[in-house]
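Bear in mind these aren't lab numbers, they're just calculated from the coordinates by the rules spelled out. These figures come from a predicted structure and were not determined experimentally.
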């Protein structure tokens with residue numbers, strides 16, 4: 001999905017505690033949200049590998065975490081390259097869903113991408129998030145179906 005202009009801020013923005021990820025502790029909070037929000041055990045395991053100081057605390061990335069009752073609850077990030085802001089890892093933990101946090105963080109991440117010089121924003125939407133992103137102003141680019149097949153046991157051992 002693509003967006004060609006910076007979206008409006010969410011009306012919720014003034015009422016929530018959203019912090020720009022700028023310290024190692026914020027990076028850990030970001031990874032915790034991604035790990036807790038995903039049903040995929042692999043995603044939980046990869047969170048610590050993907051989110052660390054050298055991948056998030058860099059000039060072309062803006063990451064955000066929303067806190068509810070002092071605990072990290074929602075996150076989103078943008079990575080800008082070649083004039084495009086990729087919006088990634090929009091996630092909200094189950095206890096904080098249905099409050100507008102995903103909308104607010106997606107808008108904030110896209111806006112941050114435009115502020116970093118992007119001329120467009122892009123994201124890959126799951127079925128669960130597509131309608132939310134359309135309401136923000138993202139338009140469909142197409143559909144991709146990815147199928148994974150587990151390797152046969154012999155392939156894993158090199159036999």
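Details
- For the stretch 2-157, the relative contact order works out to 26 percent when only alpha carbon pairs closer than 8 Å and six or more residues apart are counted.
- Helix-derived mean residue ellipticity, 222 nm - over the chain, DSSP H n ≥ 4, -39500 (n - 2.57), to 500: -10000 deg cm²/dmol
- Unit Cα scatterers, Debye sum, the stretch 1-126: log10 I(q)/I(0) for q = 0.13, 0.17, 0.18, 0.22 Å⁻¹: -0.46, -0.81, -0.92, -1.35
- C-alpha long axis of helix 41-50 to longest principal axis of the chain, angle in °: 70 degrees
- Cα long-axis angle, helix 24-37 against the chain (0 to 90 degrees, to the nearest 10): 70 degrees
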